[in-house]
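In what follows, a structure is listed as structure tokens, so that the remarks can point back to it.
The values are calculated or read from the model by the stated rules, or taken from the named source; none is laboratory data. Model, not experiment: these values are computed from the prediction. Because the Cβ atoms are built from the backbone with ideal geometry, glycine has one as well, and the counts that use them run over all protein chains shown. Calculation scope for accessible area: heavy atoms of the full protein, side chains included, ligands and nucleic acids excluded. Shrake-Rupley method; radii C 1.70, N 1.55, O 1.52, S 1.80 Å.
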Amino acid sequence: FNPDGSEAEMCGNGIRCFAKYLNNAGLTRDLSMHIATGAGIQQVYLQADRDEVQAVEVDMGVPVFEPARIPVLSPLEYVERQPLQIADQHLAVSAVSMGNPHAVAFVDDVAHFPLTNVGPLVEHHPWFPRRVNFEVASVQSRSELTMRVWERGAGITLACGSGACAV
């Protein structure tokens, strides 16, 4: 559940924490498990050293780009780099689901993007009937991106596993 009381279908980092909790509490010693979420069954893998969980990996599945399944209200086959005017920002937004809805905009300066102001406006935009997580990102190199996230129901957060996959 998000701080505003809404329920997310899936949370990449949340499911990792849950899997580690199951192991730490002795509820399972399995290093591979299936966990039911609002977005379906997710496969989770724990990496342990001497019974101490060191890392947790989630198979986030295949991204969904079909508007009706994200959901995003659009007659297009895919919502990719579509113009969206929010406040004084001219954005090119792409929509994707990683089990929960995301809107991604690539911008020149992620650090100075007014996410506090623009994030809630995108989250509640009429295009997104169930609201949306919003990521701003920029390409640093062929192997590195910088991103910030406004999470639906939570606001700015320091990490978002499904958002990283969406970007």
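Out of V64, V58, report the one residue that is touching a strand residue (DSSP E or B) at 6+ places or on another chain (Cβ under 7 Å), touching a residue at least 60 places away in the same chain (Cβ under 8 Å) and not basic (K, R). Can you show your working first?
Values: V64 fails: touching a residue at least 60 places away in the same chain (Cβ under 8 Å).
Selected residue: V58, the only one of V64, V58 that is touching a strand residue (DSSP E or B) at 6+ places or on another chain (Cβ under 7 Å), touching a residue at least 60 places away in the same chain (Cβ under 8 Å) and not basic (K, R).
Confirm whether V139 is touching a Cys at 6+ places or on another chain (Cβ under 9 Å), among the β-branched types (V, I, T) and part of a strand (DSSP E or B). Can you show your working first?
Details: touching a Cys at 6+ places or on another chain (Cβ under 9 Å): no; among the β-branched types (V, I, T): yes; part of a strand (DSSP E or B): yes.
Judged against the criteria, V139 is not a match.
Which pairs do you get when a residue that is under 11 Å from G38 (Cα atoms), found in the stretch 1-17, comes within reach of a residue that is of a type in the set (S, T, Y) and open to solvent by 30 Å² or more (accessible area, probe 1.4 Å), reach meaning Cβ atoms under 9 angstrom, with the pair 6+ apart or on two chains?
Listed pairs, sorted by first residue: A8/T37; E9/T37; M10/T37; C11/T37.
Across the stretch 122-146, what is the number of residues that are open to solvent by 60 Å² or more (accessible area, probe 1.4 Å) and either touching a helix residue (DSSP H, G or I) at 6+ places or on another chain (Cβ under 6 Å) or under 20 Å from Q85 (Cα atoms) (or both)?
Residues flagged as open to solvent by 60 Å² or more (accessible area, probe 1.4 Å) and either touching a helix residue (DSSP H, G or I) at 6+ places or on another chain (Cβ under 6 Å) or under 20 Å from Q85 (Cα atoms) (or both) within the stretch 122-146 amount to 5.
In contact with an Asp or Glu (Cβ under 9 Å, 6 or more places away or on another chain) and open to solvent by 60 Å² or more (accessible area, probe 1.4 Å): does that describe F18? Spell out how you get there, then give the answer.
Numbers: in contact with an Asp or Glu (Cβ under 9 Å, 6 or more places away or on another chain): no; open to solvent by 60 Å² or more (accessible area, probe 1.4 Å): yes.
Against the criterion (in contact with an Asp or Glu (Cβ under 9 Å, 6 or more places away or on another chain) and open to solvent by 60 Å² or more (accessible area, probe 1.4 Å)), F18 does not qualify.
Provide a single number: the residues in the stretch 122-132 that are without any contact (Cβ under 8 Å) to a residue 60 or more places away in the chain and over 13 Å from I156 (Cα atoms). First the steps, then the outcome.
Of the residues in the stretch 122-132, the ones without any contact (Cβ under 8 Å) to a residue 60 or more places away in the chain are 122-130.
Filter once more, so that each one left must be over 13 Å from I156 (Cα atoms): 124-130.
Residues in the stretch 122-132 being without any contact (Cβ under 8 Å) to a residue 60 or more places away in the chain and over 13 Å from I156 (Cα atoms): 7 in total.
Quick one: is L22 assigned to a helix (DSSP H, G or I) and not aromatic (F, W, Y)? Full working, then the answer.
Details: assigned to a helix (DSSP H, G or I): yes; not aromatic (F, W, Y): yes.
Judged against the criteria, L22 is a match.
Out of everything in the stretch 4-18 that is in a helix (DSSP H, G or I) and within 13 Å of D59 (Cα to Cα), what residue ends up being nearest to the chain's Cα centre (by Cα)? Spell out how you get there, then give the answer.
First pass over the stretch 4-18, keeping only residues in a helix (DSSP H, G or I): 12-18.
From what is left, the residues that are within 13 Å of D59 (Cα to Cα) are 12-13, 15-16.
Numbers: G12: 7, N13: 9, I15: 12, R16: 14 Å.
Filtering first and then ranking leaves G12.
Residue-by-condition table, conditions (1) outside any strand (DSSP E or B); (2) within 22 Å of M60 (Cβ to Cβ):
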{"site": "A105", "(1), (2)": "no, yes"}
{"site": "F113", "(1), (2)": "yes, no"}
{"site": "L121", "(1), (2)": "yes, no"}
{"site": "H125", "(1), (2)": "yes, no"}
{"site": "F128", "(1), (2)": "yes, yes"}
{"site": "E135", "(1), (2)": "no, yes"}
{"site": "L145", "(1), (2)": "no, yes"}
{"site": "V149", "(1), (2)": "no, yes"}
{"site": "A159", "(1), (2)": "yes, yes"}
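Against the condition in a strand (DSSP E or B), within 19 Å of R152 (Cβ to Cβ) and either free of Cβ contacts under 8 Å to residues at least 12 places away in the same chain or of a type in the set (G, A, S) (or both), how does S74 come out, does it pass?
Values: in a strand (DSSP E or B): no; within 19 Å of R152 (Cβ to Cβ): yes; either free of Cβ contacts under 8 Å to residues at least 12 places away in the same chain or of a type in the set (G, A, S) (or both): yes.
It is false that S74 is in a strand (DSSP E or B), within 19 Å of R152 (Cβ to Cβ) and either free of Cβ contacts under 8 Å to residues at least 12 places away in the same chain or of a type in the set (G, A, S) (or both).
If only one of E80, E66, E57 is of a type in the set (D, E), in contact with a helix residue (DSSP H, G or I) (Cβ under 9 Å, 6 or more places away or on another chain) and on the phi < 0 side of the Ramachandran plot, which one is it? Break it down into steps so the answer makes sense when it comes.
Numbers: E80 fails: in contact with a helix residue (DSSP H, G or I) (Cβ under 9 Å, 6 or more places away or on another chain); E66 fails: in contact with a helix residue (DSSP H, G or I) (Cβ under 9 Å, 6 or more places away or on another chain).
So the residue among E80, E66, E57 that is of a type in the set (D, E), in contact with a helix residue (DSSP H, G or I) (Cβ under 9 Å, 6 or more places away or on another chain) and on the phi < 0 side of the Ramachandran plot is E57.
Here is a yes/no grid of residues against (1) at pLDDT 95 or above; (2) open to solvent by less than 10 Å² (accessible area, probe 1.4 Å):
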{"site": "Y45", "(1), (2)": "yes, no"}
{"site": "D49", "(1), (2)": "no, no"}
{"site": "Q54", "(1), (2)": "no, no"}
{"site": "V62", "(1), (2)": "no, no"}
{"site": "F65", "(1), (2)": "yes, no"}
{"site": "Q82", "(1), (2)": "yes, no"}
{"site": "S94", "(1), (2)": "yes, no"}
{"site": "P101", "(1), (2)": "yes, yes"}
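Within the stretch 139-167, can you find the residues that are under 16 Å from the mean Cα position of the chain (by Cα), farther than 17 Å from N13 by Cα and of a type in the set (S, T, N, Q)? Give the steps one after another, and end with the answer.
We begin by selecting, within the stretch 139-167, every residue under 16 Å from the mean Cα position of the chain (by Cα); these are 145-167.
Filter again for farther than 17 Å from N13 by Cα, leaving 145-146.
Correct list: T146 only.
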